[in-house]
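Input: a single structure, listed below in structure tokens.
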Amino acid sequence: MTISSYSSGTKTSGQVVSFRAGLYAVLALVIYGLSWYYNGQLIPLLAAGSIVLMIWGAIVWWPCLRAGLIWPRGFLPIFMLLWFVWFGLTLFWSGSPYSSWFYFWVLGALPLTFLVAIMIPEPVAEQFWVWFWRGILISAWILSAMALWQYYQGMVTNIILANLRPFGPLLDTNSFAAWLNLLFFPVLALYFVKDGRRQVSFLRGGVHLEAFFYLLTLAVLLLAFFSTSSRGGLLAWVCTMPFAVWGLWRQPASRSRFLVVAALVIIAFLLMDYAHGYDLIGHLSPGYITSNITTVSRKLMWIATWHMYLSHPWLGTGIGSYFLNYPAYRLPGELASAGTYAHNDYLEYLAEGGLINLGFLLSFAGILMYAMYRLLYRAGKALQISDEQRLTALGLVLGVFAITGHALGNFIFYNLPLSVLAGLFMARAWRIYGTSENTQPLLPKIGINHGFIAQIVLLLGIVVASWNLLADAATYAFLSDNTWLNSVIKNPRQRATLLLKVADTLTSLRPLATQSHVYLANTYLTLAERDTRMNSASRRSLVQAALHQYQQSLIGIPQQSGVLNSIGTLYLTQGKLLGLDATQRQRQTLLAWRRGLAIDPESISLRNQIAQLAYADQGDVKGGLTFLRAGLARPLFPYPRSELLLDIALMQWRADEKTDADKTLLRLLHENPAYEPAVSWLQSIHRQAELHSGDR
């Protein structure tokens, strides 16, 4: 029995094939669509997309497991299975398990969608791809329209040229350019395939409508692509295009088709880079790259990422934990990024998962190169597939190859729609160029003679994963972004009561979720501080409960400087209720605050609080000033730097070093003339000085 005929032990009827193909296509497109606006923030979208992906996987794998798990032969399916399992194993030693959980679904979407797609039986898979590809073509037009609309809106609103770069549904324009690259190369290959069926030349009226549609799609994709003005995207396109030329050049009349495509490229570049003064090419010059702030910052980020890896060389910090650990490693001079991603997926994989994690990504790049070798060098009879099939597979592989190369200079695979689409494209390409042989049922070979056992395990895994994802979605909807609740429940007291109950329930259903613990802790602490009618025992119980909830929130994500700040403040203000003397309160407070500052050395509030409590309040103002000034050596953005300078000036003023305080304020205003607190303070000083002189 093969994968193409395992369902119910008989050949699938044409009607059932069509239904299943349509169902699979709808599910795959829903997964793809839900991934668009996730952007690492909208957890409900990630939860919904991942649950639909698991449901799709269960529907596909269910009859396969019942038949004893017939597995396709070849290296790539085994590699993808091991890659997905590896991502799951990393959750057990991650330094930030709750954050890693979300990125397990983002990064794991690539191997998981591949594993689902390759198990679709052959008759169904062909029809599935027809319907799915139509949806992808529609998405190409939608994404291109979004890019052109955003570009137009920027033009009419006179946006500064640096920001005249569409980003589509993503938060990053370079990742959006990678997405367009991923779509461009399969469309390019299919244009050559479809146009090759023309029997009459274009000038003699030989228009192939399907080929003409693909040509129009190429045109809008190129317009959208050049509107992004992405250097990384252009470099990836330029490096991938020679392989496309190599593969397509030997087709009949390929020269004329390449001339048409080249004309479209030139027209798109001339039209979309006009507003930028055609600076895209100039921005690729060595002189510009070595001096431009964005590329200089990338270099500094990569050095910091390397240091991060050296601190955790074996298993890394945990997937998806980069943004939590980066503040402690940020180098001076790197103030051009938010520190969310390393802008190099290979280095980030290394820092987050060690050498094994990097090895998987490098192996994936090697698999793509081998696939291109088979499709380019061992073409024709060596693969025993038609030229049309070979070119179709080549286009899909080239699209994934382009984004894999682009990942050297941007964060690519951390974008959910790119991971989903890359997995599906690779599954389709492998189905064309890979082996068509299958193994005998594997479960009986390992002693599982009843397929329902594996089905139950699969079902339990989906239920547990879905349970956690739904809890995460509820946490986000009720505790992180709950403004929608204001229109549903008008009464503030009822709303607060509901949120308290939801938070309490979520701490039991999803212990690793940090937000529910923090919400409860803040609520308990507020009640203890504001309810004056409460006796000491009740207040003590609330403070203890708040402290417990804060500590529980650190289990899922320990790198929360804000929570450690709150813990320190709790010890300082409520430590007496907990039975701590003044020395113990100060020690516990400083311990929590210093832990928080170690996680986020750029925190001005923590640095100022430590300077006050550990130095100034003990009479060591000089030590406090030294501690505050040490913060100026950290890479600080303009506003936090102004805050720190103001704190230094305040401490100098209180130490009766008024001349030094004036100098610090003048330095602050020289760096940031619009910093209102410093302006107000200087005005107040001058008014007081005028009043004193008038009295005399």
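The values are calculated or read from the model by the stated rules, or taken from the named source; none is laboratory data. None of the values given here were measured: they were computed from a predicted structure. Positions of Cβ are backbone-derived with ideal geometry, glycine not excepted, and every protein chain shown enters the neighbour counts. Surface accessibility is based on the protein's heavy atoms, side chains included, excluding ligands, DNA and RNA. Shrake-Rupley method; radii C 1.70, N 1.55, O 1.52, S 1.80 Å.
Residue check, residue 189 against (1) farther than 24 Å from residue 46 by Cβ; (2) at pLDDT below 95; (3) aliphatic (A, V, I, L, M), all met but one. Which one?
(2)
Identify, please: which residue in the range 1-45 is small (Gly, Ala, Ser) and not in a helix (DSSP H, G or I) and is, among those, modelled with the highest pLDDT?
35
If residue 69 satisfies all but one of (1) modelled with pLDDT under 95; (2) surrounded by fewer than 18 Cβ atoms within 10 Å (Cβ to Cβ), what's the number of the condition it fails?
Here residue 69 meets the rest and fails (2).
Identify all residues within the range 326-347 that are open to solvent by less than 20 Å² (accessible area, probe 1.4 Å) and more than 22 Å from residue 232 (Cβ to Cβ); write none if there are none. Show your work before the answer.
Of the residues in the range 326-347, the ones open to solvent by less than 20 Å² (accessible area, probe 1.4 Å) are 326, 330, 334, 337, 339, 342, 344-345.
If the condition is that a residue be open to solvent by less than 20 Å² (accessible area, probe 1.4 Å) and more than 22 Å from residue 232 (Cβ to Cβ), then no residue fits.
Restricting to the range 147-175, name every residue that is surrounded by 15 or more Cβ atoms within 10 Å (Cβ to Cβ) and within 20 Å of residue 274 (Cβ to Cβ). Spell out the reasoning first.
Going residue by residue through the range 147-175, those that are surrounded by 15 or more Cβ atoms within 10 Å (Cβ to Cβ) are 147-148, 150-151, 154, 159, 164-175.
Hits for the range 147-175 are 147, 148, 150, 151, 154, 159, 164, 165, 166, 167, 173.
Quick one: in the range 283-294, of everything that is of a type outside the set (Val, Ile, Thr) and open to solvent by 60 Å² or more (accessible area, probe 1.4 Å), which residue is nearest to residue 238 (Cα to Cα)? Walk me through how you get there before you give the answer.
Looking only at the range 283-294, we keep the residues that are of a type outside the set (Val, Ile, Thr), and these are 283-288, 291-292.
Add one more test, that the residue is open to solvent by 60 Å² or more (accessible area, probe 1.4 Å), and what stays is 286, 288, 291.
Details: 286: 17, 288: 19, 291: 23 Å.
Among those residues, the one meeting the criterion is 286.
Checking the conditions here, which among 171, 203 is at negative phi and either within 21 Å of the chain's Cα centre (by Cα) or at pLDDT 95 or above (or both)?
Details: 203 fails: either within 21 Å of the chain's Cα centre (by Cα) or at pLDDT 95 or above (or both).
So the residue among 171, 203 that is at negative phi and either within 21 Å of the chain's Cα centre (by Cα) or at pLDDT 95 or above (or both) is 171.
Hey, among 109, 48, which residue is modelled with pLDDT of 95 or more and surrounded by 21 or more Cβ atoms within 10 Å (Cβ to Cβ)?
Values: 48 fails: surrounded by 21 or more Cβ atoms within 10 Å (Cβ to Cβ).
Among 109, 48, only 109 is modelled with pLDDT of 95 or more and surrounded by 21 or more Cβ atoms within 10 Å (Cβ to Cβ).
Please go through the range 440-455 and pick out each residue that is assigned to a loop (DSSP other than H, G, I, E, B) and surrounded by 13 or more Cβ atoms within 10 Å (Cβ to Cβ). Spell out the reasoning first.
Just the residues of the range 440-455 that are assigned to a loop (DSSP other than H, G, I, E, B), to begin with: 440-443, 447-450.
Those that are assigned to a loop (DSSP other than H, G, I, E, B) and surrounded by 13 or more Cβ atoms within 10 Å (Cβ to Cβ): 441, 442, 443, 448.
Confirm whether residue 601 is more than 30 Å from residue 504 (Cβ to Cβ) and touching a residue at least 24 places away in the same chain (Cβ under 8 Å).
On the way: more than 30 Å from residue 504 (Cβ to Cβ): yes; touching a residue at least 24 places away in the same chain (Cβ under 8 Å): yes.
Yes: the conditions hold for residue 601.
Does residue 564 count as aliphatic (A, V, I, L, M), within 25 Å of residue 612 (Cα to Cα) and in a helix (DSSP H, G or I)? Talk me through it step by step, then tell me what you get.
Values: aliphatic (A, V, I, L, M): yes; within 25 Å of residue 612 (Cα to Cα): yes; in a helix (DSSP H, G or I): yes.
Yes, satisfied.
Does residue 221 fit the bill of being touching a Ser or Thr at 6+ places or on another chain (Cβ under 7 Å), hydrophobic (A, V, I, L, M, F, W, C), buried (at least 16 other Cβ atoms within 10 Å of the Cβ) and at pLDDT 95 or above?
Numbers: touching a Ser or Thr at 6+ places or on another chain (Cβ under 7 Å): yes; hydrophobic (A, V, I, L, M, F, W, C): yes; buried (at least 16 other Cβ atoms within 10 Å of the Cβ): yes; at pLDDT 95 or above: yes.
Against the criterion (touching a Ser or Thr at 6+ places or on another chain (Cβ under 7 Å), hydrophobic (A, V, I, L, M, F, W, C), buried (at least 16 other Cβ atoms within 10 Å of the Cβ) and at pLDDT 95 or above), residue 221 qualifies.
Mind listing whichever residues of the range 295-305 are surrounded by 15 or more Cβ atoms within 10 Å (Cβ to Cβ) and touching a residue at least 12 places away in the same chain (Cβ under 8 Å)?
296, 297, 298, 300, 301, 302, 304, 305 - these are the residues of the range 295-305 that are surrounded by 15 or more Cβ atoms within 10 Å (Cβ to Cβ) and touching a residue at least 12 places away in the same chain (Cβ under 8 Å).
Exactly one of (1) touching a Gly at 6+ places or on another chain (Cβ under 8 Å); (2) surrounded by fewer than 23 Cβ atoms within 10 Å (Cβ to Cβ); (3) among the small types (Gly, Ala, Ser); (4) touching a residue at least 40 places away in the same chain (Cβ under 8 Å) is unmet by residue 58. Its number?
Unmet condition: (1).
Output the helices (runs of 4 or more DSSP H) that fall wholly within the range 143-250 and possess 1 or more residues being over 26 Å from residue 408 (Cβ atoms), or say none.
Details: elements: 173-195, 209-227, 231-248.
Filter on the range 143-250 gives 173-195, 209-227.
Do any helices (runs of 4 or more DSSP H) lying entirely in the range 612-696 carry at least 2 residues that are under 20 Å from residue 602 (Cα atoms) and small (Gly, Ala, Ser), and which ones are they? Walk me through it before giving the result.
Working: elements: 621-630, 638-654, 658-671, 676-695.
Answer list for the range 612-696: 621-630, 638-654.
Give me the residue from the range 268-282 that is part of a helix (DSSP H, G or I) and free of Cβ contacts under 8 Å to residues at least 12 places away in the same chain and, out of that set, most open to solvent (accessible area, probe 1.4 Å).
Applying the first criterion (part of a helix (DSSP H, G or I)) to the range 268-282 yields 268-272, 282.
The next check asks that each one be free of Cβ contacts under 8 Å to residues at least 12 places away in the same chain; those that pass are 270, 282.
Working: 270: 86, 282: 38 Å².
Of everything passing the filter in the range 268-282, 270 is most open to solvent (accessible area, probe 1.4 Å).
Given the conditions (1) under 20 Å from residue 372 (Cβ atoms); (2) under 27 Å from the mean Cα position of the chain (by Cα); (3) surrounded by fewer than 24 Cβ atoms within 10 Å (Cβ to Cβ), report the number of the one that residue 387 does not fulfil.
Looking at each condition in turn, residue 387 falls short on (2).
Is it the case that residue 327 is within 18 Å of residue 632 (Cα to Cα) and not small (Gly, Ala, Ser)? Spell out how you get there, then give the answer.
Values: within 18 Å of residue 632 (Cα to Cα): yes; not small (Gly, Ala, Ser): yes.
Criteria met by residue 327.
Look at residue 536 and say whether it is of a type in the set (Gly, Ala, Ser) and closer than 27 Å to residue 576 by Cα.
Working: of a type in the set (Gly, Ala, Ser): yes; closer than 27 Å to residue 576 by Cα: yes.
So residue 536 passes the test.
Residues in the range 246-263: is at least one in contact (Cβ under 8 Å) with a residue 12 or more places away in the chain, within 18 Å of residue 405 (Cβ to Cβ), of a type outside the set (Val, Ile, Thr) and open to solvent by 70 Å² or more (accessible area, probe 1.4 Å)?
Checking the range 246-263: at least one residue is in contact (Cβ under 8 Å) with a residue 12 or more places away in the chain, within 18 Å of residue 405 (Cβ to Cβ), of a type outside the set (Val, Ile, Thr) and open to solvent by 70 Å² or more (accessible area, probe 1.4 Å).
Taking the range 83-100, which residues are surrounded by 21 or more Cβ atoms within 10 Å (Cβ to Cβ) and either among the small types (Gly, Ala, Ser) or over 14 Å from residue 360 (Cβ atoms) (or both)?
Matches in the range 83-100: 94, 96, 98, 99, 100.
Applying the selection to the range 309-325, what residues are surrounded by 19 or more Cβ atoms within 10 Å (Cβ to Cβ), under 15 Å from the mean Cα position of the chain (by Cα) and of a type in the set (Phe, Trp, Tyr)? Can you show your working first?
Of the range 309-325, the ones surrounded by 19 or more Cβ atoms within 10 Å (Cβ to Cβ) are 309, 316-322, 324-325.
Subset that is under 15 Å from the mean Cα position of the chain (by Cα): 318-322, 324.
The answer is 322, and nothing else.
If you go through the range 549-557 one residue at a time, do you hit one that is under 16 Å from residue 472 (Cα atoms), aromatic (Phe, Trp, Tyr) and either at pLDDT 95 or above or surrounded by 14 or more Cβ atoms within 10 Å (Cβ to Cβ) (or both)?
No, every residue in the range 549-557 fails to be under 16 Å from residue 472 (Cα atoms), aromatic (Phe, Trp, Tyr) and either at pLDDT 95 or above or surrounded by 14 or more Cβ atoms within 10 Å (Cβ to Cβ) (or both).
Please work out if residue 583 is within 28 Å of residue 510 (Cβ to Cβ), assigned to a helix (DSSP H, G or I) and among the polar types (S, T, N, Q). Working first, answer last.
On the way: within 28 Å of residue 510 (Cβ to Cβ): no; assigned to a helix (DSSP H, G or I): yes; among the polar types (S, T, N, Q): yes.
Here the answer is no, as residue 583 does not meet what is asked.
With the structure loaded, tell me whether residue 115 is modelled with pLDDT of 95 or more, surrounded by fewer than 21 Cβ atoms within 10 Å (Cβ to Cβ), among the aliphatic types (A, V, I, L, M) and in a helix (DSSP H, G or I) or whether it fails that test. Before you say what the answer is, go through the steps one by one.
Working: modelled with pLDDT of 95 or more: yes; surrounded by fewer than 21 Cβ atoms within 10 Å (Cβ to Cβ): yes; among the aliphatic types (A, V, I, L, M): yes; in a helix (DSSP H, G or I): yes.
When the stated conditions are applied, residue 115 passes them.
Looking at residue 518, is it within 30 Å of residue 66 (Cα to Cα) and modelled with pLDDT of 95 or more?
Working: within 30 Å of residue 66 (Cα to Cα): no; modelled with pLDDT of 95 or more: yes.
In short, no.
Matching residues to (1) open to solvent by less than 50 Å² (accessible area, probe 1.4 Å); (2) over 34 Å from the mean Cα position of the chain (by Cα):
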site	(1), (2)
602	yes, no
606	yes, no
616	yes, yes
621	yes, yes
625	yes, yes
628	yes, yes
634	no, no
641	no, no
648	yes, yes
